[in-house]
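Trainee: Can you keep this structure in mind? I'll have questions shortly.
The values are calculated or read from the model by the stated rules, or taken from the named source; none is laboratory data. Because the structure is a prediction, the values reported are computed rather than measured. Cβ placement follows ideal geometry from the backbone for every residue including glycine, while neighbour counts extend to all protein chains displayed. Heavy atoms of the whole protein, side chains included, go into the accessibility calculation; ligands, DNA and RNA do not. Shrake-Rupley method; radii C 1.70, N 1.55, O 1.52, S 1.80 Å.
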Amino acid sequence: MINENINLLNCIKNKASDTGLTIREIEKRANLGKNTISSWKNKNPSFEKVIKVCNVLNCGIDDLLNGDTIYIGDLNNNNKKVIKEISKILKEG
């Protein structure tokens with residue numbers, strides 16, 4: 001999972017750069033602790049935290065991940081279904 005997490009970090013860094021925000025500013029606006037996003041290099045983030053980051057960056061998960069499919073933490077079955085439905089709607093839209 002580490003390669004996928006590094007991919008997520010790179011996507012966040014790229015999007016942050018596009019918006020002129022630092023990682024620390026994103027963490028503050030998302031009410032995340034200091035170095036939370038950087039810690040995702042070694043552990044899987046929760047779905048809720050990724051959504052908070054997306055909200056700060058004003059983007060959807062698909063936008064953040066540039067269409068890449070990656071693992072986002074330990075999702076339960078309901079969250080997996082929601083992700084699939086959101087992705088389906090975004091692709092149809």
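Trainee: Can you compute the modelled spin-label distance between residue 39 and residue 59, with each label point 7 Å from Cα toward Cβ, in nm?
Mentor: Spacing of the two 7 Å Cα→Cβ label points: 2.3 nm.
Trainee: Using each residue's phi in region 55-62, evaluate 6.51 cos²θ - 1.76 cosθ + 1.60 at θ = phi - 60° and report the 3J(HN,Hα) Karplus result to the nearest Hz, with x for Gly and Pro.
Mentor: 4, 5, 7, 6, 9, x, 4, 4
Trainee: May I pose another question? Tell me, rounded to the nearest percent, the portion of alpha carbon pairs in region 5-64 spaced more than 15 Å apart.
Mentor: Result: 40 percent of Cα pairs exceed 15 Å.
Trainee: Can you send over the solvent-accessible area of residue 63, 1.4 Å probe, protein chains only, in Å² to the nearest 10?
Mentor: 90
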